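Novice: Sharing a structure here in structure tokens format.
Every number in this text was worked out from the coordinates using simple rules, so none of it is lab data. Here the structure is a predicted model, which is why all the values come from computation and not from measurement. Here the Cβ positions follow ideal geometry from the backbone for every residue, glycine too, while neighbour counts run over all protein chains shown.
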Amino acid sequence: MIYSHEVQMMCPVAQGANHGPAPIPEEAKWVQAKEVKDISGLTHGVGWCAPQQGACKLTLNVKDGIIQEALVETIGCSGMTHSAAMASEILPGKTILEALNTDLVCDAINTAMRELFLQIVYGRTQSAFSEDGLPIGAGLEDLGKGLRSQVGTMYGTLAKGPRYLEMAEGYVTGIALDDHDEIIGYQFVSIGKFTDFIKAGDAPNEAWEKAKGQYGRVADAAKIIDPRKE
């Protein structure tokens, strides 16, 4: 340790206050976090790249400072999906400090990691008041039975109005309009169910029909338009 001449010439004064860090809530316990291993919790965060052409939602489940589970969801950038594949391999097994200082390939994923780090070390996790936290595998619950991200894709113009393209329920195949051409519902196909039916041996056309659904007052529609053609 190197001290400047000014510090060397100072007389020592004792430090009286030494009460440690403020406790933070972690998995239904109040913890004075002093080391990386003192940190536990499950939480989510969102990151974006510098040109803001894509975004990442990152979910981490941390136990005793070690990332045990990582869910990486991306949107808006084709290259980001490959970065997410690498990040899902890189993150588990690392401490949150290592992960913060690891190149996760994509700027959006790195930013998401930074945002999660802040939540975790300040006691702002989703499981802060959940006894024993959440089990490994809890991240998959966000995806539902189809193990697909919740994606919404909408498009609209002043001249022609809105077009629903994809909802959480699935790929939108029809928009139901009333007599005033206002949207009152939509038809969709659940892509997850569709592929499951195909894997189970159904013919494609049969699987498509079985995976269909609708939301809203579709039965009352004056007309139904194809959002990708009309």
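Novice: Hey, which of these cross-link pairs are over 18 Å Cα-Cα: Lys160/Lys223; Lys57/Lys199; Lys160/Lys212; Lys199/Lys229; Lys37/Lys63? Working shown, then result.
Specialist: Working: Lys160/Lys223 16 Å; Lys57/Lys199 29 Å; Lys160/Lys212 26 Å; Lys199/Lys229 29 Å; Lys37/Lys63 8 Å.
Too far apart for the 18 Å limit: Lys57/Lys199; Lys160/Lys212; Lys199/Lys229.
Novice: For the chain, with a Gaussian network of springs between Cα atoms less than 10 Å apart, report the residue from Ala70, Ala203, Ala85 with the top mean-square fluctuation.
Specialist: Between Ala70, Ala203, Ala85, it is Ala203 that shows the largest mean-square fluctuation.
Novice: 7 Å from Cα along Cα→Cβ at both Arg124 and Asp196: what's the point-to-point distance in nm?
Specialist: According to this spin-label approximation, the distance is 3.6 nm.
Novice: Just Ala50, Ala33, Ala108 to compare: in a GNM of the chain, with alpha carbon springs under 10 Å, which one fluctuates most?
Specialist: Highest fluctuation among the options: Ala50.
Novice: Could you work out the helix-only [θ] at 222 nm for the chain, with each DSSP H run of four or more residues adding -39,500 (n - 2.57) and the total divided by the number of residues, to the nearest 500 deg cm²/dmol?
Specialist: Working: 6 runs with 53 residues, N = 230.
Estimated from H runs of four or more residues: -6500 deg cm²/dmol.
Novice: Quick one: angle between helix 107-121 and the longest Cα principal axis of the chain, in degrees between 0 and 90, rounded to 10, please.
Specialist: 60
Novice: Moving on to the next point. So which residue, out of Pro21, Pro162, Pro12, gets the largest mean-square fluctuation from a GNM of the chain using Cα contacts under 10 Å as springs?
Specialist: Pro12
Novice: Here are labelled values, (i) 54, 40, 32; (ii) 44, 42, 37; (iii) 88, 43, 31, and one is the computed Cα extents along the principal axes in Å for what I pasted. Which one?
Specialist: Looking at Cα extents along the principal axes in Å for this model, the match is (iii).
Novice: Just to check I understand the Karplus step: with θ = phi - 60° and J = 6.51 cos²θ - 1.76 cosθ + 1.60, what whole-Hz values come out for segment 45-60, glycine and proline as x?
Specialist: Values per residue, Gly and Pro as x: x, 10, x, 9, 8, 4, x, 6, 9, x, 9, 10, 9, 10, 10, 10 Hz.
Novice: Continuing with the same structure: Using DSSP to call loops (not H, G, I, E or B), can you name the GluC sites (Glu not before Pro) in segment 1-63 whose Cβ has at most 11 other Cβ atoms within 10 angstrom? Can you show the working numbers first?
Specialist: Numbers: sites: Glu6, Glu26, Glu27, Glu35; in loops: Glu27, Glu35.
Here the sparse-neighbourhood loop sites are Glu35.
Novice: What does the charge count around Ile66 come to, taking other residues whose C-beta lies under 15 Å from its C-beta (Lys +1, Arg +1, Asp -1, Glu -1)?
Specialist: Numbers: positive: Lys37, Lys63, Lys94; negative: Glu26, Glu27, Glu35, Asp38, Asp64, Glu69, Glu98.
Summing Lys and Arg as +1 and Asp and Glu as -1 gives -4.
Novice: For the residues Phe117, Phe129, what sequence is obtained by ranking on other C-beta atoms within 10 Å, fewest first?
Specialist: Taking fewest neighbouring Cβ atoms as first place, the list is Phe129, Phe117.
Novice: Still on this structure: Non-local amide H neighbours of Leu134 (under 5 Å, H modeled in plane, Pro and chain starts lacking H): which ones?
Specialist: Under 5 Å from the amide H of Leu134: Leu42.
Novice: Next question, about the same structure. Please give every one of the aspartates and glutamates within straight-line cross-link reach of Lys29, meaning a C-alpha to C-alpha distance under 12 Å, and leave out same-chain neighbours fewer than 8 residues apart.
Specialist: Once the sequence-local aspartates and glutamates are set aside, what remains near Lys29 is Asp38, Glu131, Asp132.
Novice: Right, here's the next one. Note down the net charge around Val189, summing +1 for each Lys or Arg and -1 for each Asp or Glu among other residues with Cβ under 14 Å from its Cβ. Write down the numbers at each step before the final one.
Specialist: On the way: positive: Arg148, Lys193, Lys210, Lys212, Arg228; negative: Glu166, Glu169, Asp196, Asp202, Glu206, Glu209, Asp226.
Residues near Val189 contribute -2 overall.
Novice: May I pose another question? Around Gly54, which amide H atoms from residues at least 5 apart in sequence, or from another chain, sit under 5 Å from its own amide H, with H modelled in the peptide plane?
Specialist: Cys49
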